[in-house]
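S.K.: Please read through the structure below; I'll follow up with questions.
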Amino acid sequence: MKHFISLHDISSEEFSQLISLASKLKKENKQGIEHHILKGKTLGMIFTKSSTRTRVSFEVGMYQLGGQALFLSANDIQLGRGETIYDTANVMSRFVDGIMIRTFDHQDVLDLAEYGSIPIINGLTDLLHPCQALADLMTVKEHKGRLRGLKLAYVGDGNNVAHSLLYACAKAGVDISVASPEGYECSSEIVAGAVEDSKRLGSKVVLTNDPIEAVTDADVVYTDTWASMGQEAEKAERVKIFKDYQVNKELFSYSKPDSIFMHCLPAYRGFEVTEDVIDGARSVVFDEAENRLHAQKAVMAMLMVGDSK
Ligand code: CP
Ligand code: NVA
């Protein structure tokens with residue numbers, strides 16, 4: 001594993017190793033066992049979009065591994081004023097040991113990886129959110145004791161989170177059903193990649209416009225905001241289009257009686273999910289948020305230990 005940009009690029013074995021390492025790091029962290037395996041290393045964190053969880057978990061994770069993280073808002077660095085990705089990648093490669101980037105265009109992340117000489121971690125693009133999906137499946141495993149053979153239903157926008165969940169489920173042998181309104185479905189290219197990946201462990205990939213069909217007998221019900229970062233102007237229109245895709249008590253009741261509710265957060269109560277579901281007993285959203293820290297420590301440990309320059 002050289003970069004962590006798309007879960008499509010990593011094997012089922014690597015995916016499962018990352019979850020095992022993340023769980024081990026989590027357990028040891030709770031026991032007060034420290035691992036300063038990134039002592040002397042620096043992670044540059046470029047953000048062209050807002051963040052709470054990603055920023056804080058990477059910064060704390062880097063600190064816990066003995067290294068340091070630099071927060072680089074695109075507004076403050078020359079990238080935001082038109083310096084090229086090529087120059088940024090080359091310059092940053094001389095200073096830091098890895099880059100985590102959150103941005104709009106997925107191609108910018110691929111270019112950073114191509115032109116730089118250090119590991120690149122995708123902290124969310126318009127296309128994918130792999131750190132989230134890794135932490136998500138770690139959370140499912142904690143709550144369900146296994147991954148293979150489970151069914152995850154994603155209801156809502158066919159966005160970056162849905163795309164990474166498609167890949168993650170395929171890598172882990174979890175059946176996935178995605179229900180989105182017409183015109184807001186997942187990218188057909190990503191779906192094709194997930195179908196290809198799913199053959200390895202034999203899981204199902206189902207795309208539908210019917211939320212009840214997706215949620216029926218699911219072990220996990222997942223949703224995300226109806227308007228992602230950069231789509232603020234479409235919010236009013238999307239609220240109308242997505243109204244039948246709200247995860248409320250009634251829709252949730254079609255899933256298994258012991259199913260769990262998940263959301264990457266930030267959540268908008270009363271829109272994609274109702275309060276009784278997200279704040280109910282079967283919601284695991286804060287475990288999910290916490291696991292971002294442990295999952296990303298595992299990613300950084302896999303990518304940045306040793307001589308990465
Ligand atoms: N889930 C997630 O990535 O949250 P942030 O936008 O707060 O980083
Ligand atoms: N789909 C959301 C995820 C936020 C973590 C967005 O891109 O804004």
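The values are calculated or read from the model by the stated rules, or taken from the named source; none is laboratory data. Computed from a prediction, not measured in an experiment: that's the story for all the values here. Cβ coordinates were reconstructed from backbone atoms using ideal geometry, including for glycine residues, and neighbour counts include every protein chain displayed.
S.K.: Do we have any residue at all in segment 187-207 that's within 18 Å of the chain's Cα centre (by Cα), assigned to a loop (DSSP other than H, G, I, E, B) and farther than 14 Å from residue 152 by Cα?
M.R.: yes
Each row is one residue, and each column tells you yes or no for (1) surrounded by fewer than 24 Cβ atoms within 10 Å (Cβ to Cβ); (2) within 17 Å of the chain's Cα centre (by Cα); (3) hydrophobic (A, V, I, L, M, F, W, C).
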site: 81; (1), (2), (3): yes, no, no
site: 85; (1), (2), (3): yes, no, yes
site: 94; (1), (2), (3): yes, no, no
site: 98; (1), (2), (3): no, no, no
site: 103; (1), (2), (3): yes, yes, no
site: 106; (1), (2), (3): yes, yes, no
site: 109; (1), (2), (3): no, yes, yes
site: 113; (1), (2), (3): yes, no, yes
site: 131; (1), (2), (3): no, yes, yes
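S.K.: Now for a different question. Name the single residue that is farthest from ligand 2 (Cβ to nearest atom) among those in segment 225-275 being among the hydrophobic types (A, V, I, L, M, F, W, C) and part of a strand (DSSP E or B). Even if it seems obvious, please write down each step before you answer.
M.R.: Step one: filter segment 225-275 for residues among the hydrophobic types (A, V, I, L, M, F, W, C), giving 226-227, 229, 233, 236, 239, 241-242, 247, 251-252, 260-262, 264-265, 267, 271, 273.
If we keep only those that are part of a strand (DSSP E or B) as well, we get 247, 260-262, 273.
Numbers: 247: 15, 260: 19, 261: 16, 262: 13, 273: 14 Å.
Ranking the qualifying residues of segment 225-275, first place goes to 260.
S.K.: Still on this structure, please answer the following. Does residue 152 satisfy the criteria of being surrounded by fewer than 24 Cβ atoms within 10 Å (Cβ to Cβ), at pLDDT 95 or above and away from ligand 2 (no atom under 16 Å from the Cβ)?
M.R.: So residue 152 fails the test.
S.K.: Inside segment 240-272, can you point out the residues that are under 19 Å from the mean Cα position of the chain (by Cα) and hydrophobic (A, V, I, L, M, F, W, C)?
M.R.: Answer for segment 240-272, where residues must be under 19 Å from the mean Cα position of the chain (by Cα) and hydrophobic (A, V, I, L, M, F, W, C): 260, 261, 262, 264, 265, 267.
S.K.: Please state which of the following conditions residue 189 fails to meet, knowing it meets all the rest: (1) surrounded by 15 or more Cβ atoms within 10 Å (Cβ to Cβ); (2) more than 16 Å from ligand 2 (Cβ to nearest atom); (3) under 19 Å from residue 8 (Cα atoms).
M.R.: For residue 189, the failing item is (1).
S.K.: Residue 176 fails exactly one of the following numbered conditions: (1) part of a strand (DSSP E or B); (2) within 16 Å of ligand 2 (Cβ to nearest atom); (3) under 18 Å from residue 215 (Cα atoms). What is the number of that condition?
M.R.: Only one criterion is unmet by residue 176, namely (2).
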